[in-house]
Amino acid sequence: MTAVVLEGFDLVKRFGSTVALDGVGLAVGRGEAVAIMGPSGSGKSTLLHCLAGITRPDAGEVHLLGQRVDAMGERQRSALRRTRFGFVFQFGQLLPELPAEENVALPLMLGGTSRAEAVRRAREWFGPLGLGGMEGRRPGELSGGQAQRVAIARALITRPAVVFADEPTGALDQATGHDTMRLLVEATRGNDASLVVVTHDPQVARWCDRTVEVRDGRILTGAGTAAGPYPGHDARGYPGHDAQAHPGHDVRGHPGNDGPGSLTRILPGRNG
Amino acid sequence: MSGLLGLSWRLLRGGGRRGLLGAGLTAVAVAVSTALLIFSVSANVAFQGRAEREAWRNPVAAGTAAVAVQAVRKDYVRDRTVTVVDLAVLKPGTAPPPGLDRLPAPGEVWFSPALAELARELPAGELAGRFPEKVAGTIGDEALVHPGELVAVRGQAPDSPIMRAAATGDPRDGFPPTRVADFTGTPSPDAQAYQALALIATVLMAVPLLVFGGAAARLTVARRDQRLAALRLVGATPGQVVTMTVAEAVITAVAGAVAGTVLYGLLTPLLAGIEIGGGSWFAADLWPDVPYTLAVLGAVPLLVGLSAVVGLRRVVVSPLGVARRETPPAMRVVRVVALLAVLAVVPTLGAGSAAGVVAVVLGLAFLAINLTGPWVVGVIGGITARTARGPARLLAGRRLVDDPRAAWRTVSGVAMTGFVAGFIGFLSPSSGLLGDADAATLRVTVPTAQASQLTAEARERLSEAGVPARVAVTGTGESRFLAVTVGKPARADETAADETAADETAADEAAVDRARTALGGLVPGRTATSAADEERFGVLLLKDVGTGTVVVLTVSFLVAVVSAGITAASSILDRRQTYALLRLAGTPLEVLNRARRAETLVPLAVMGGGSILVGMFCAVPFSFSSVNIGGMTILLVCVTLGFAGVIGAGAASAPLLRSVTADPAPRPD
């Protein structure tokens, strides 16, 4: 049995008369990287929003380590996103007036960590992510790839259970996108976090353990095993890697870890 | 060019709901500015109108070529002043004075509408009895300072005693018989003083308005610069980009300016009710003057356009300039030097300085504060960011450092109001000096030779009128006063007087007015006045300064709060993507709202306090006395209102923050 961290069951979401999700199920294992692919309007972003507790599904359930995410109030979900999830967006998530290190430290400060401690821990991320010397720069003074790496550090600094990435390389050129994905996957894995990436780029998806295809609000059956070549298992050197165990991250009752590729399964929708 | 304008128009309309909201905010800001600007200009026109209408009552001596003799004196009824003009025509066929349809013949009197009404309302013995002449007509509005003014014009024979009376002491009490060549006259010193005060009030109101209007324009540009930089990237020439931006800003501003004019028109009846100089205004006084209104209507969009160009300079210079945000260069200390330079001039001013000079210096001080503001805000931001422990203050501090001008725009209005409040609060004379003078003793100067005869006549007249009063002659030498103390028994041994009226302090207004009426014409050309009458002008002036203060501060506060609200809303619109993404990542809205509050309140506290001090400093050369309770109360109320207003305006935009961050897939538009 694999350790499932995050699981969505029979998710349905409608926007007016448009059905964005039509009974989707998806489980993400511990440390697993899953790519959600599909054309524009297929519902892949909506799926990510439901899984991440950003939007509430009209029907279905989302469980994080046995907790019902969809049933929580906005305040609780907000706290959950802050503490248990990390987010990397296409661009624009860094506050332009804050230096890079303070952008990274912000989630810790929101959690009550003292400023000095938060900044100290934020700085530890810069070297391993190839951002040495960029601590004091502001987002406007960073390249697109550098800014995304800062965003990765920010997403991971709270030691989240799951990192959600929505087109993380969408604003980058191919080579930079390649590097960014490698760092994202390595850093996430190095921190024992799972990764859910929404993308329309097969090159990006290849970095993940597994790809699911979404079309018209449903997951295409049989499309779930396309794990690409997995270039970087070596995650040493990331601050979270050899840090003390994070409470709540280990899945009670699921002690086994059979390795990333085999941890997950696609749950067919009730109607599909 | 029309193609460019068309494209600007489409960009404006195609901005989506939020784009339109942004343009709407700008239009609202411009509308409020325009309405208040027209008000501040109209106030000057209105005071000028009053001065011109009053001028004919200030006769200018003409020597031999005289066509008439004119005497003016002040009489009093209840707590109001009656201006009595006596006219003796020397040359028939002369053009009549303003407001009269013909020259008055001896034995005729013209009343102003308010005086006519009052004369009907009060018993004849209290007012109408003073004018036994035949009422020949009503004085027209063109000869009245305000609708409620009490004026009487009497025709006299050139040889009547009134037209040969000697001069009174104080020119404020009237003019002795003066031979005049026409009825043009000259504006009175008081009217000119009011005009000067109005000019200063205009500066105090107009400068924050212009700053606010400029801020509104920047607001449009700030929202558009990304898109315009993109246009520049695809090859639009700098000229085209400028044209489009200016077109967009000007289209918005014209709409706002027209709306503001309409708004002002709707407010006119309300504004006409403000009492200054003892009365409210004719609606026509405050109607915007066509040339001035056209000037404002033309200038506002022009200024907004100009401000937009300045704001856009960076985009035009470099297409990447705004796309890549870098640490802005620190602002130079020159800004502070400018303020200090202006303040150095202040001590050279004094109560004797020309109003124009004072207005210019005040305007410069204002502009200097506006120039220094962003620099100070930047410094405060640095301190806040360095010392911040929690995320909210850190965000606030960094934001202040990043864009001190934007933060300054939010608080500038209130800071400017602080300047006004400081200036006025320090300037207001203490009201305790006036107001408790004796109202029951009427005095009139009498020639020494006739003192005893006039005393007897006064006693006779008063007893005929049934007014219990004690009459006595005071003073020595040539300056003898006949003092009539109303309410006292005429003589200690007489018991004819009403016992109930024997109380010294209870001389009621009606009895005093009956005494005035009875004593009317006792000494030709002289009015019996009480000490309270004599300080009536001072009381009025104090009241007017208070009214003016309230008006100026109200305008400033309107500007301040509207500007704080608009900048708060627009800053949310500008940063909606970042805010939305932060919220998606679990940042509580309270933290964002706290940060927004801190980034307003911290500079507000420092700059508001600073401006009050600068305003006080500017008032020092003009202050009559030390700081008084009244001024301090005004200041305190201002500070409280300022903070409450800005907090309220910021809080009002919290739902907007909630709504823009509710979008789960924020994209820059």
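The values are calculated or read from the model by the stated rules, or taken from the named source; none is laboratory data. Computed from a predicted model, the values in this text were never measured in an experiment. Note: ideal-geometry Cβ built from the backbone for every residue, glycine included; neighbour counts use all protein chains shown.
Within the range A:54-65, is even one residue over 13 Å from the mean Cα position of the chain (by Cα), more than 12 Å from chain B (Cβ to nearest Cβ), in a loop (DSSP other than H, G, I, E, B) and crowded, with 23+ Cβ neighbours inside 10 Å? Yes, because at least one residue in the range A:54-65 is over 13 Å from the mean Cα position of the chain (by Cα), more than 12 Å from chain B (Cβ to nearest Cβ), in a loop (DSSP other than H, G, I, E, B) and crowded, with 23+ Cβ neighbours inside 10 Å.
In the range A:166-217, the qualifying residues are those that are part of a loop (DSSP other than H, G, I, E, B) and of a type in the set (Gly, Ala, Ser), and the one that is surrounded by the most Cβ atoms within 10 Å (Cβ to Cβ) is A:Ala193.
Yes or no, residue by residue, for (1) among the acidic types (Asp, Glu); (2) in contact (Cβ under 8 Å) with a residue 60 or more places away in the chain; (3) farther than 15 Å from B:Arg164 by Cβ:
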{"residue": "B:Ala55", "(1), (2), (3)": "no, yes, yes"}
{"residue": "B:Asn58", "(1), (2), (3)": "no, yes, yes"}
{"residue": "B:Arg73", "(1), (2), (3)": "no, yes, no"}
{"residue": "B:Val85", "(1), (2), (3)": "no, yes, yes"}
{"residue": "B:Pro92", "(1), (2), (3)": "no, no, yes"}
{"residue": "B:Pro96", "(1), (2), (3)": "no, yes, yes"}
{"residue": "B:Gly99", "(1), (2), (3)": "no, no, yes"}
{"residue": "B:Arg102", "(1), (2), (3)": "no, no, yes"}
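Taking the listed residues B:Thr410, B:Thr417, B:Thr445, the one that is under 20 Å from B:Asp513 (Cα atoms) and at pLDDT below 85 is B:Thr445, with no other qualifying.
Residue-by-condition table, conditions (1) assigned by TED's automatic domain parsing to the domain that holds B:Ile634; (2) in contact (Cβ under 8 Å) with a residue 40 or more places away in the chain; (3) touching a helix residue (DSSP H, G or I) at 6+ places or on another chain (Cβ under 7 Å):
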site	(1), (2), (3)
B:Leu519	no, yes, yes
B:Pro524	no, yes, yes
B:Val539	yes, yes, no
B:Asp544	yes, yes, no
B:Thr547	yes, yes, no
B:Thr554	yes, no, no
B:Ala560	yes, yes, yes
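Candidates A:Val4, A:Val24: the one that is out of contact with any Asp or Glu (no Cβ under 7 Å at 6 or more places or on another chain), surrounded by fewer than 22 Cβ atoms within 10 Å (Cβ to Cβ) and β-branched (Val, Ile, Thr) is A:Val4. Here the condition is being without any contact (Cβ under 8 Å) to a residue 24 or more places away in the chain, closer than 17 Å to B:Leu592 by Cβ, within 11 Å of chain A (Cβ to nearest Cβ) and out of contact with any Phe, Trp or Tyr (no Cβ under 8 Å at 6 or more places or on another chain); of B:Arg386, B:Arg393, B:Arg398, it holds for B:Arg398 alone. Among the residues of the range B:256-271 satisfying the criterion of being in contact with a Pro (Cβ under 9 Å, 6 or more places away or on another chain) and surrounded by 18 or more Cβ atoms within 10 Å (Cβ to Cβ), which is farthest from B:Ala23 (Cα to Cα)? Per the stated criteria, the residue is B:Thr268. Candidates in the range B:576-601 are the residues that are surrounded by fewer than 20 Cβ atoms within 10 Å (Cβ to Cβ) and within 11 Å of chain A (Cβ to nearest Cβ); of these, the one that is farthest from B:Thr410 (Cα to Cα) is B:Pro588. The set of residues in the range B:167-181 that are modelled with pLDDT of 70 or more and either among the basic types (Lys, Arg) or closer than 11 Å to B:Ala71 by Cβ (or both) comprises B:Gly174, B:Phe175, B:Pro176, B:Pro177, B:Thr178, B:Arg179, B:Val180. When residues in the range B:531-575 are screened for being over 14 Å from the mean Cα position of the chain (by Cα) and over 20 Å from B:Arg78 (Cβ atoms), 17 of them pass. With respect to being touching a residue at least 24 places away in the same chain (Cβ under 8 Å) and buried (at least 21 other Cβ atoms within 10 Å of the Cβ), B:Gly155 fits the description. Would you confirm whether any residue within the range B:483-495 is over 43 Å from the mean Cα position of the chain (by Cα), outside any helix (DSSP H, G or I) and modelled with pLDDT of 80 or more? For the range B:483-495, residues over 43 Å from the mean Cα position of the chain (by Cα), outside any helix (DSSP H, G or I) and modelled with pLDDT of 80 or more: absent. For the range A:33-53, filtering for residues that are touching a residue at least 12 places away in the same chain (Cβ under 8 Å) and in a loop (DSSP other than H, G, I, E, B) leaves 7. When the residues of the range B:281-299 are filtered to those that are at pLDDT 85 or above and in a loop (DSSP other than H, G, I, E, B), the one that is surrounded by the most Cβ atoms within 10 Å (Cβ to Cβ) is B:Trp281. Does at least one position in the range B:558-574 carry a residue that is within 14 Å of chain A (Cβ to nearest Cβ), surrounded by fewer than 21 Cβ atoms within 10 Å (Cβ to Cβ), assigned to a helix (DSSP H, G or I) and hydroxyl-bearing (Ser, Thr, Tyr)? No, the conditions are met nowhere in the range B:558-574.
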